[in-house]
Amino acid sequence: MKQLLGFQLANSKGENIQGDPEDPTGLASFEVMDPMLALSVIAKHPGFLLMPIFQGDIEEPQIVFREDMPQKGVTHTMCRHCELDIEGISPYPEGEWRDRGNNTHCPDGRWHAPQRF
Ligand SMILES: [Zn+2]
């Protein structure tokens, strides 16, 4: 029996999206979430599914734990209000998203907001 390493994120159709632009965690395709992290990601992002990853499924997997996420969770995306490139840290509190000019607000005064949240 193969050993379970952890989980990766899938969309509602069951397709693995980890490392894709639609992945809200910002994790890379070779990174595997340990079960506690996987549960917290699913709780924060309803609509996504978990895909079990077994030893040998992906090359040189790297297990990521919940404690790793403040560094690992930095994500670049586009603001859904003003379409500027923004950067934020999981779990994406309002006001934590900044554009390249280091502003937390859109030109029209709203908070920058990531596309998927
Ligand atoms: Zn904005």
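The values are calculated or read from the model by the stated rules, or taken from the named source; none is laboratory data. Not measured: the values here are computed from a predicted model. Neighbour counts are summed over all protein chains in view; Cβ atoms, including those assigned to glycine, are modelled from backbone coordinates with ideal geometry.
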Give the number of residues within the stretch 17-64 that are polar (S, T, N, Q) and over 13 Å from the mean Cα position of the chain (by Cα).
-> 2
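Within the stretch 55-75, is even one residue within 16 Å of the ligand (Cβ to nearest atom) and modelled with pLDDT under 90?
yes
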Residues in the stretch 5-23 that are modelled with pLDDT of 90 or more and surrounded by 13 or more Cβ atoms within 10 Å (Cβ to Cβ): how many?
-> 10
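Hey, among the residues in the stretch 24-39 that are assigned to a helix (DSSP H, G or I) and buried (at least 16 other Cβ atoms within 10 Å of the Cβ), which one's modelled with the lowest pLDDT?
We begin by selecting, within the stretch 24-39, every residue assigned to a helix (DSSP H, G or I); these are 35-39.
The next check asks that each one be buried (at least 16 other Cβ atoms within 10 Å of the Cβ); those that pass are 37-38.
Working: LEU37: 91, ALA38: 94.
Applying the filter and picking the extreme gives LEU37.
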Is it true that some residue in the stretch 13-28 is closer than 27 Å to ARG100 by Cα and in contact with a His (Cβ under 6 Å, 6 or more places away or on another chain)?
-> yes
Are there any pairs, at least 6 apart or on different chains, whose C-beta atoms fall under 6 Å, with the first in the stretch 99-114 and more than 10 Å from CYS82 (Cα to Cα) and assigned by TED's automatic domain parsing to the domain that holds ILE86 and the second within 7 Å of the ligand (Cβ to nearest atom) and part of a strand (DSSP E or B), and if so, which?
-> ASP99/ILE86
(1) modelled with pLDDT of 85 or more; (2) within 30 Å of GLY109 (Cα to Cα); (3) buried (at least 16 other Cβ atoms within 10 Å of the Cβ): which one isn't true of ALA43, the others all being true?
-> (3)
